[in-house]
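Below is one structure, written out as structure tokens; comments come after it.
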Amino acid sequence: MSVPKIRVVKVRLSGDGDDAGKVAELLARLLPELSGGRCQVGEISPAYPNRRGGGARRYFDLYLIDTPDTPAPGTLERPAR
């Protein structure tokens, strides 16, 4: 069995109040199930105030896990019409 390939996407969310934090927590909770375990959220940063304007921002890493039996992005077969 070969080792899965893990790709990392750096994500920054910005919003009013703690909207960015709520969205980050929602993604962390739902993405693994929706992606069949192929997409996971890493540690979510504390809120940082935006430099200009109100609101705050949050950072996290998004891990895309490609298993040997996972089709490459953009290669999914589409049903015939």
Considering only the stretch 36-57, state which residues are in a loop (DSSP other than H, G, I, E, B) and either more than 16 Å from the chain's Cα centre (by Cα) or loosely packed, with under 13 Cβ neighbours inside 10 Å (or both). Gly36, Gly37, Glu43, Pro46, Ala47, Asn50, Arg51, Arg52, Gly53, Gly54, Gly55
Looking only at residues in the stretch 11-27 that are in contact with a strand residue (DSSP E or B) (Cβ under 6 Å, 6 or more places away or on another chain) and in a strand (DSSP E or B), which one is farthest from Tyr59 (Cα to Cα)? Ser14
What pairs come out if I take residues in the stretch 47-60 that are closer than 25 Å to Val8 by Cβ and pair them with residues that are of a type in the set (Val, Ile, Thr) and assigned to a loop (DSSP other than H, G, I, E, B) whose C-beta lies under 8 Å away, six or more apart or interchain? Arg58/Ile44; Tyr59/Ile44; Phe60/Ile44
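Since every read-out is calculated from the coordinates, none of them should be taken as a lab result. In this text, all values refer to a predicted model and were calculated from it rather than measured experimentally. A quick note on method: Cβ atoms are made from the backbone with ideal geometry, for glycine too, and the neighbour counts reach across all protein chains shown.
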